[in-house]
1. Could you please find all residues in the range 93-142 being aromatic (Phe, Trp, Tyr) and under 22 Å from Leu224 (Cβ atoms)?
2. Scan the range 213-229 and tell me whether some residue there is over 13 Å from Ala96 (Cα atoms), among the aromatic types (Phe, Trp, Tyr), modelled with pLDDT of 90 or more and surrounded by fewer than 19 Cβ atoms within 10 Å (Cβ to Cβ).
3. What tally of residues in the range 130-140 results from selecting those that are modelled with pLDDT of 90 or more and surrounded by 14 or more Cβ atoms within 10 Å (Cβ to Cβ)?
4. If we keep just the residues of the range 139-186 that are polar (S, T, N, Q) and assigned to a loop (DSSP other than H, G, I, E, B), which is farthest from Gly109 (Cα to Cα)?
5. Would you confirm, using the coordinates I've provided, whether Gly200 is more than 26 Å from the chain's Cα centre (by Cα) and either surrounded by fewer than 16 Cβ atoms within 10 Å (Cβ to Cβ) or not basic (Lys, Arg) (or both)?
6. Note down all Cβ pairs under 8 Å where the first residue falls in the range 241-265 and is under 17 Å from Thr139 (Cβ atoms), the second is assigned to a helix (DSSP H, G or I) and of a type in the set (Phe, Trp, Tyr), and they're at least six residues apart or on different chains.
7. Would you mind stating whether Ser163 is of a type in the set (Gly, Ala, Ser) and in contact (Cβ under 8 Å) with a residue 60 or more places away in the chain?
8. For the condition within 23 Å of Ile252 (Cβ to Cβ), over 19 Å from the mean Cα position of the chain (by Cα) and aliphatic (A, V, I, L, M), what is the one hit in Leu150, Leu184, Leu178, Leu160?
Amino acid sequence: MGKRRATLMTEVAIATKAPRLNRAARIWTMGVWFLPFGLFAVLFLFLPSIGLFVGSLTGGPHGLTLDNFGQLFQSQYLDAYKVSVELSAATAVIGAVVGVVLAWAMVGGGLPRFLRPFFLTFSGVASNFAGIPLAFAFTASLGPVGMVTLFLSHHLGLNLYQSGFSLFGFSGLVITYLYFQIPLMVLLMVPALDNMSRWGEAAMNLGASPWQFWWHIGLPILRLPLLGATLLLFGNSFGAYATAYALTSGMINLVPIVIGQELSGNVVFSPNLADALAVGMILIMITIFAIYLITNRNVVRWQR
């Protein structure tokens, strides 16, 4: 009787301990797989951000100082943030609208299946084509003596630069940025739109009009992917430096260009002020993504 009770207690202990061991094994496995990402985030995200924050608080005659952040409220730096936000918002919204239309044309517009890999590959290449090559390509096409500019002037009598357009100003940067913003939006939205054509066909078979399908089904489902992709486009444009600098020679007042000027020391050398400017950019992006998370939570609650 005693042996049977001891055996029973042993079996119960083993059965109780097994889930704990399985849970510990799962946690260990997850930790091993998470380790590379964690190291990457620490080395290239958290440590540089901490370094920027510490640098923005130093540089004064008495050690720690808030003077660098105080300078951000000067008109030239406030204007740089204003122009950067306006440029990023314009390219994000236009890129999102055009990119969604092109993605839907690719998924539900009857595009032959064998052409889809070609357009996706082109979108992947174009979304990463930026910097000096992109600036040179647009200068050769839409510059004062570019091919497109001369063609419009000679054959259609339309002089872009006499009409007020300038490739080296705000409107020119918007057009140039859209070259990589639109393909990026296509890449982001094609997976989200893949099932929409079948759902749309099912809704039509049940008597729904295209307007009813998009209003009651399509847009509620795509609301969060659209918002998230648009915010990603905003961040992609907000931090761009090489394209704007190569195209305008640093003559436009954008925060990344101002940071480069503060670090290069052509006029003044203020690395701590550059750190404060970068921290300001980080805070703007954190605010935007916090708004996205709040909206995401409210939408999920509404959908429940």
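1. Narrowing the range 93-142 to residues aromatic (Phe, Trp, Tyr): 104, 114, 118-119, 122, 129, 136, 138.
Across the range 93-142, the qualifying residue is only Trp104.
2. Looking for residues that are over 13 Å from Ala96 (Cα atoms), among the aromatic types (Phe, Trp, Tyr), modelled with pLDDT of 90 or more and surrounded by fewer than 19 Cβ atoms within 10 Å (Cβ to Cβ), one finds none in the range 213-229, hence no.
3. Qualifying residue count for the region: 5.
4. Our first condition is that a residue be polar (S, T, N, Q); within the range 139-186, this holds for 139, 141, 149, 153, 159, 162-163, 166, 171, 176, 181.
Now narrow it down to the ones that are assigned to a loop (DSSP other than H, G, I, E, B): 159, 162-163, 166.
Details: Asn159: 36, Gln162: 39, Ser163: 36, Ser166: 35 Å.
The extreme case among them is Gln162.
5. Against the criterion (more than 26 Å from the chain's Cα centre (by Cα) and either surrounded by fewer than 16 Cβ atoms within 10 Å (Cβ to Cβ) or not basic (Lys, Arg) (or both)), Gly200 qualifies.
6. Within 8 Å, the pairs are Thr243/Tyr177; Ala246/Phe136; Leu247/Phe138; Ile252/Phe170.
7. Values: of a type in the set (Gly, Ala, Ser): yes; in contact (Cβ under 8 Å) with a residue 60 or more places away in the chain: no.
In short, no.
8. Details: Leu150 fails: within 23 Å of Ile252 (Cβ to Cβ); Leu184 fails: over 19 Å from the mean Cα position of the chain (by Cα); Leu178 fails: over 19 Å from the mean Cα position of the chain (by Cα).
Selected residue: Leu160, the only one of Leu150, Leu184, Leu178, Leu160 that is within 23 Å of Ile252 (Cβ to Cβ), over 19 Å from the mean Cα position of the chain (by Cα) and aliphatic (A, V, I, L, M).
The values are calculated or read from the model by the stated rules, or taken from the named source; none is laboratory data. The model shown is predicted, which means the values in this text are computed figures rather than measured ones. All Cβ positions, even for glycine, are placed from backbone atoms using ideal geometry, and neighbour counts span all protein chains on display.
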